[in-house]
Amino acid sequence: MANKTILEDCDILVVGGGMAGTGAAFEARHWGRDLKIICVEKANIDRSGAVAQGLYAINCYMGMQWGENQPEDHVRYARNDLMGLVREDLGYDMARHVDSTVHMFDEWGLPMMKNKETGRYQREGKWQIMIHGESYKPIVAEAAKKSADKIYNRVMITHLLMDEVNENRVGGAVGFNMRTGDYHVFRAKTVIVAAGGASHIFKPRAVGEGMGRTWYAPWSNGSAYALPIAVGAKMTQMENRIVLCRFKDGYGPVGAYFLHLKTYTQNANGENYEKKWYDKTKELVGEYIDHHPTPTCLRNHAFIQEVMAGGGPIHMVTKEAFQDPHLETVGWENFLGMTVGQAVVWASQNIDPKYTNPELTTSEPYVMGSHATCSGAWVSGPEDISPPEYFWGYNRMTTVEGLFGAGDTVGGSAHKFSSGSFTEGRLAAKAAVKYIEEKKAKDIKVSDEQCEDFKKIIFKPLENYTVGRNEITGGTVSPSYILPIQGLQRLQKIMDEYVGGISYNYMTNENTLKRGLELLEWLQEDLEKVGAEDYHQLMRAWELKHRTLTSQCVTEHTLFRQETRWPGYYYRGDYMKLDDENWHCLTLSRRDPKTGKFKMEKAPVYHIVDDKEEKKAS
Ligand SMILES: Cc1cc2nc3c(=O)[nH]c(=O)nc-3n(C[C@H](O)[C@H](O)[C@H](O)COP(=O)(O)OP(=O)(O)OC[C@H]3O[C@@H](n4cnc5c(N)ncnc54)[C@H](O)[C@@H]3O)c2cc1C
């Protein structure tokens, strides 16, 4: 085959150089001075991942030095928001370390806003601090570049290599450079997957020429899930997809608006619609509706019900706050720092928020592990606080030996955001170094044959295209291959219509899920025939394959959990109520790499932090 093979042997391989990946590369060097550390990034590490464009707030900072919050408070907050179901050991572990991460960002030159009166970081809300964050990603990238032996940009990892002696131990990863077509083999003692979440598995609201306009980064394609799923790692809470309530069409953030500008929402008649849905929501979820703050999904639920009842459009009331010139500046800067597109949308739609209250919308669902949601890999927690079922030797190691996760990759630990994801990368890297030091990576065998086999598999879509296009006598449609965009639209249609997307108001049930699984299986079969006309399309082909595997896992989990735990994220029409008696548990799946079949089980939720949740005074 013409594609050159480039081989690297290393100790720690970091897949994905976003927030978690840069944290992992940085910390790996701290503990592993003599280790060979490589970071592989699909884009360019300087501007990659969900933080590529910058952020205006660091959403996870305890402020322990000033007694603002303690890690226990964060556990209570995340548990409340996720309707009781989180891995408290993971959340606690992240929270107790996250402040040190933020202090480093400050030292590295990230412009932090300060409260002039107190001298502390300027709070946007209880957990968020405000930054001038356009340069956030290049700053953390610099730390990673100075730490790693090598950063490979524009290389997409498509498969993990496995040890041929111990079949449940990782041996590295392979991928290709989407500019040169070089085939990359990384034989590694440990692999830390930090490849972000998954957008575009459900049909987006913006289609056609606007298709890339989603809330979640359009280039996040679920590699974080597909890579571990493919080698038989256990996954958790994959049904817990997230739906975001954001400014319409531009998906501009609402956090600073709600928290700092104190704007609020209302229906088309100027009413507070959330109150209207209180009784009906209580019938579905019981006392969870009385928790404070109201869980994110339940606020979505009121929005969705109100729109279905004809009360839309829903508006954010900005006209009052924007009369204050300072708040007006903050409102606009918020977009300039992280979502310029929203300002452009408003300009193009003649919306000046000082005079017009802009519309909000609920997004299509996304899969991620670091926001108000916690889908991802089932990993070991830290040894000092994790109960035995949650601990198997190395912090953040998946159920595959030597394979670690961080950030969106890791399930069960919500509300990490950018700082928490970086922190989790650090925790995973420290444990990976220990794993190597304790000789757990000795004598891994990865044969040339295994690597050569993957090479054939990876480049096959190019061959499918080259051979198949000869059969075209007119137009562009070949009887022998499907193009990545065609496959993507087919995937999105299946997920949208059968697994609870926007067209069905997030509704699904056992029958539709089973049909969805059938259609996904046939899509998987057809993806053997995906055709790529160049290396960029080859990347699209592999992104699609990763998205499809992720989608299968999401669908299996959604089928397994027979309740509606998070109304506002999705609804099981056949089990509309939250059911704490049977489903106050985490869901786990494992896909058998040989048969491709998923096996589901329940795992206990341990509440290791006491319950001091505030209840709303009704
Ligand atoms: C729209 C939006 C707004 C947000 N706002 C805030 C905020 O205001 N404050 C805050 O603190 N947090 C915010 N977050 C959360 C924060 O961005 C994430 O928690 C964090 O980026 C997750 O880190 P990660 O490393 O898991 O993923 P990412 O940072 O997305 O990094 C994943 C990386 O993996 C790479 N990659 C993917 N697949 C492959 C592959 N196969 N091979 C090689 N590389 C690959 C990607 O290119 C990317 O660089 C926001 C997130 C989103 C999506």
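Since every read-out is calculated from the coordinates, none of them should be taken as a lab result. Keep in mind that this is a model prediction, so the values were computed, not measured. When we count neighbours, we look across all protein chains shown, and the Cβ atoms used for this are built from the backbone with ideal geometry, even at glycine.
Worth pointing out:
- For region 83-123, trypsin sites (Lys or Arg not before Pro) are listed when DSSP marks them as loop and at most 11 other Cβ atoms sit within 10 Å of their Cβ; the list is LYS116.
- Neighbour-count order for TRP346, TRP378, fewest beta carbons within 10 angstrom listed first: TRP346, TRP378
- Extension gain, ASN168 to ASP324: 0.36 nm times the residue separation minus the Cα-Cα distance gives 50.2 nm.
- Put simply, the amide H of LEU55, placed in the peptide plane, has neighbours under 5 Å in GLY133, GLU134, TYR136, leaving out anything fewer than 5 places away on its chain.
- Counted charge near GLU438, where neighbours are those whose Cβ lies closer than 15 Å (Asp, Glu -1; Lys, Arg +1): +2
- Cβ-derived FRET efficiency at R0 41 Å, ASN511 paired with GLU271, nearest 0.05: 0.65
- Cβ-based charge dipole, the chain, positive-most Cα from TYR136, THR294, TYR225: TYR136
- Kirkwood hydrodynamic radius of region 118-164, Cα pairs, Å: 14.8 Å
- HN-Hα J in Hz across region 217-229 - Karplus 6.51, -1.76, 1.60, θ = phi - 60°, x for Gly and Pro: 3, x, 8, 7, 10, x, 4, 4, 9, 4, 4, x, 4
- Net charge over other residues, Cβ less than 13 angstrom from the Cβ of GLY376 (K, R count +1; D, E count -1): +2
- Take the Cα of ASP290, step 7 Å toward its Cβ, do the same at ASP384, and the gap between the two points is 3.7 nm.
- About the Cα centre, charge dipole magnitude for the chain (Lys/Arg +1, Asp/Glu -1 at Cβ), debye: 640 debye
- Isotropically averaged projected area of region 443-534, using the convex hull of Cα atoms (one quarter of hull area), nm²: 9.4 nm²
- Interchain or long-range residues, amide H under 5 Å from LEU586's placed H: ALA603, VAL605
- Derived scalar couplings between HN and Hα for region 186-192 equal 10, 7, 9, 6, 9, 10, 10 Hz in order, rounded to whole Hz, by the Karplus curve 6.51 cos²θ - 1.76 cosθ + 1.60 (θ = phi - 60°), x for Gly and Pro.
- Among TYR56, VAL75, CYS39 - extreme Cα towards positive end, dipole of region 1-123, charges at beta-carbon: TYR56
- Summarising the amide proton neighbourhood of THR158: residues at separation of 5 or more, or on other chains, whose placed amide H is nearer than 5 Å comprise VAL174, GLY175, PHE176.
- Residues ASP81, ASP149 arranged by fewest to most Cβ contacts within 10 Å: ASP149, ASP81
- Footprinting exposure proxy ranking of CYS553, CYS374, fewest other C-beta atoms within 10 angstrom first, gives CYS553, CYS374.
- Rh by Kirkwood over Cα pairs, then Stokes-Einstein D for region 483-554 at 1.002 mPa s and 20 °C, µm²/s: 173 µm²/s
- Under a model in which nothing but the beta-carbon of Lys, Arg (+1) and Asp, Glu (-1) is charged, region 362-420 shows a dipole of about 120 debye around its Cα centre.
- Kirkwood Rh in Å, taken over all unlike Cα pairs in region 512-585: 14.3 Å
- ³J(HN,Hα) computed for each position of region 352-365 - Karplus, 6.51 cos²θ - 1.76 cosθ + 1.60, integer Hz, glycine/proline x: 9, x, 6, 10, 10, 6, x, 7, 10, 8, 9, 7, 5, x
- Kirkwood-Stokes translational diffusion coefficient of region 168-297, alpha-carbon pairs, 37 °C, 0.692 mPa s, µm²/s: 171 µm²/s
- Between region 123-197 and region 286-312, the Cα center-to-center distance that results, in Å: 37 Å
- The coefficient of translational diffusion for region 188-261, derived via Stokes-Einstein from the alpha carbon Kirkwood radius under 25 °C and 0.890 mPa s, stands at 167 µm²/s.
- All-pairs Cα distance distribution in region 318-430, expressed in whole percent, bin size 10 Å: 13, 30, 20, 18, 15, 5
- With N as its number of residues, the chain has a Cα radius of gyration that, divided by 2.2 N^0.38 Å, comes to 0.92.
- Reachable lysines, given that their alpha-carbon falls under 22 Å from the alpha-carbon of LYS612 and they are not under 8 places away in the same chain: LYS126, LYS282, LYS416
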